1. Do we find a residue being assigned to a helix (DSSP H, G or I) and within 36 Å of the chain's Cα centre (by Cα) anywhere in the stretch 220-227?
2. From the set of residues in the stretch 134-152 that are of a type in the set (Val, Ile, Thr) and surrounded by 10 or more Cβ atoms within 10 Å (Cβ to Cβ), which is farthest from the chain's Cα centre (by Cα)?
3. Tell me, please, whether a residue that is out of contact with any strand residue (DSSP E or B) (no Cβ under 6 Å at 6 or more places or on another chain), over 20 Å from Trp352 (Cα atoms) and assigned by TED's automatic domain parsing to the domain that holds Glu319 can be found in the stretch 219-242.
4. For the stretch 222-240, name all the residues that are crowded, with 21+ Cβ neighbours inside 10 Å and of a type in the set (Ser, Thr, Tyr).
5. Being in a loop (DSSP other than H, G, I, E, B) and exposed (fewer than 14 other Cβ atoms within 10 Å of the Cβ) is the filter here; which residues of the stretch 354-390 pass it?
6. Return yes when Phe254 is part of a helix (DSSP H, G or I), among the aromatic types (Phe, Trp, Tyr), under 22 Å from Leu377 (Cα atoms) and touching a residue at least 60 places away in the same chain (Cβ under 8 Å) and no when it is not.
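The values are calculated or read from the model by the stated rules, or taken from the named source; none is laboratory data. Predicted, not measured: the structure shown is a model, and the values here were computed from it. Backbone-built Cβ (ideal geometry, glycine too); neighbour counts: all protein chains shown.
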Amino acid sequence: MVVKLSRHSHTAVAVLFLGVALTCAQERGNPPSSEAADNIIDEKISQLTEQIRQLELLRGSSLEIRQPSLSSKAQHSELDGVIGRNSAQEAEGEAKDGKELGESQGGESEASSGEEGSGGKETEVEEELEEPFTAMDLTCGICLLCFITFNMTLYYLVNWPDPDMQVYVWTVISRTICIFVAIFVFSSVDVMLKYLTGTGRSEISQAALAFFQVAVWFISMQATVAYVSGAMEQHPFTRETSIVDQKKDRSIRFQSVADLLAHICGFAAINAGGCLQHMYPFNINALTLYAVPLIMFINILIVGRTVKMIRTSIKDAVERKRGDTASYSALTIVPADPQAFSKEEEHELVDWCLEQWEEETYEVELDVAGLAVSFVLVQACRFSVTGIMPNNLGIEEEHFIHPSQSSLTMLAIGAVFAILCVVCVLAHP
């Protein structure tokens, strides 16, 4: 093979430049200072200049080597080894630079991904905490606002400057509390009696238990009002405090007790009327259901007249026990005890108790009749409009969602009853 020396000169120059590049690449990982870098470059340039000068001398001889000697072969092999080592060093440097660059980029990407991940987690947590509002949330919020508004209005009314207004407001509050306490007491006693007697399946047994409760609560109401009013006492008042204050305290006591027992008795009567409406033959159709309110009214009327006769007989017995009241009008009897009342004063106080007993009993009997008759009448109207018969206390356990037409019809029925109530009040002032 014939090789010109000029080719060796170009190869040597390329190898020298490659060595300089590799040396710089190797030192890239730990870059020297500016002074050291200048020294290294000067040294490499001087070496390169020397090699070029030697190659130029060889090029000027223009000799051809037809059969290369062992020395030329050794030079070729040495030159190939240098090129291979330089190529390996260059590849190693490039790999190292790529690794460092990848690590730096990876660290930046991990940091950015970590920030994005933490931000994403925070966003997810916020989304989990901020749940969307539902219809139930809106309903609860409206109920809460209405409750607060009602309480603030109530506080304002009970502190009204007019004393009569305060009395009326406290009377309404007392009646309302009385109604809720009464229904809780009745429901508890009713469930307990059904559990003890085992009357949970038979309609006849349920009706019998319901009317038994009505009788017990009605008798308890009559006896309690008579006792608390002072009509059964021989000396219902004393001189320890003012008579006016004693009358006021006694009125409050028997009115509160009478209202509570009257409402309990009314709910018991409602339960009894509901049992009748669920029994044969009253549950045949809507018309037969309207017979129950009429039956309840007649029964309460008969019982009320009977109780009035009993009260009248008791009052007559009290009058007879006094003796002839006219004989005391001509005499002024001074009792031996200065703390005791005279006969005339005692009779007036007892008469007041009897009158209060009569009036309050009459009022609570009207409450019982009004609760029982009106409720069973509304039950019949509900069945006529919706075709669903509620239970004894007016709760629809199934099929309780009705069309708006049914609601409007019941509203119209309520308006009719309200007009009738106003007309009756105006007709009988």
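1. Here is the first cut: in the stretch 220-227, the ones assigned to a helix (DSSP H, G or I) are 220-227.
If we keep only those that are within 36 Å of the chain's Cα centre (by Cα) as well, we get none.
Checked against the condition, which is being assigned to a helix (DSSP H, G or I) and within 36 Å of the chain's Cα centre (by Cα), the stretch 220-227 yields no hits at all.
2. So the residue we want is Thr149.
3. From the stretch 219-242, those out of contact with any strand residue (DSSP E or B) (no Cβ under 6 Å at 6 or more places or on another chain) are 219-242; that's our starting set.
With over 20 Å from Trp352 (Cα atoms) added as a condition, the list becomes 219-220.
Keeping just the survivors that are assigned by TED's automatic domain parsing to the domain that holds Glu319 gives 219-220.
So far as the stretch 219-242 goes, yes, one or more of its residues are out of contact with any strand residue (DSSP E or B) (no Cβ under 6 Å at 6 or more places or on another chain), over 20 Å from Trp352 (Cα atoms) and assigned by TED's automatic domain parsing to the domain that holds Glu319.
4. The answer is Ser229, and nothing else.
5. Going residue by residue through the stretch 354-390, those that are in a loop (DSSP other than H, G, I, E, B) are 387-390.
Matches in the stretch 354-390: Gly387 only.
6. Numbers: part of a helix (DSSP H, G or I): yes; among the aromatic types (Phe, Trp, Tyr): yes; under 22 Å from Leu377 (Cα atoms): no; touching a residue at least 60 places away in the same chain (Cβ under 8 Å): yes.
It is false that Phe254 is part of a helix (DSSP H, G or I), among the aromatic types (Phe, Trp, Tyr), under 22 Å from Leu377 (Cα atoms) and touching a residue at least 60 places away in the same chain (Cβ under 8 Å).
Every residue, every condition in (1) in a helix (DSSP H, G or I); (2) surrounded by 12 or more Cβ atoms within 10 Å (Cβ to Cβ); (3) not small (Gly, Ala, Ser), yes or no:
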site: His263; (1), (2), (3): yes, yes, yes
site: Asn283; (1), (2), (3): no, yes, yes
site: Pro293; (1), (2), (3): yes, yes, yes
site: Phe297; (1), (2), (3): yes, yes, yes
site: Ile300; (1), (2), (3): yes, yes, yes
site: Gly304; (1), (2), (3): yes, yes, no
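Quick grid of which residues meet (1) modelled with pLDDT under 75; (2) in the same structural domain as Ile177 (by TED's automatic domain parsing); (3) of a type in the set (Gly, Ala, Ser); (4) not in a helix (DSSP H, G or I):
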site	(1), (2), (3), (4)
Gly114	yes, no, yes, no
Gly119	yes, no, yes, no
Glu122	yes, no, no, no
Val125	yes, no, no, no
Met136	no, no, no, no
Cys140	no, no, no, no
Cys146	no, no, no, no
Thr149	no, no, no, no
Thr153	no, no, no, no
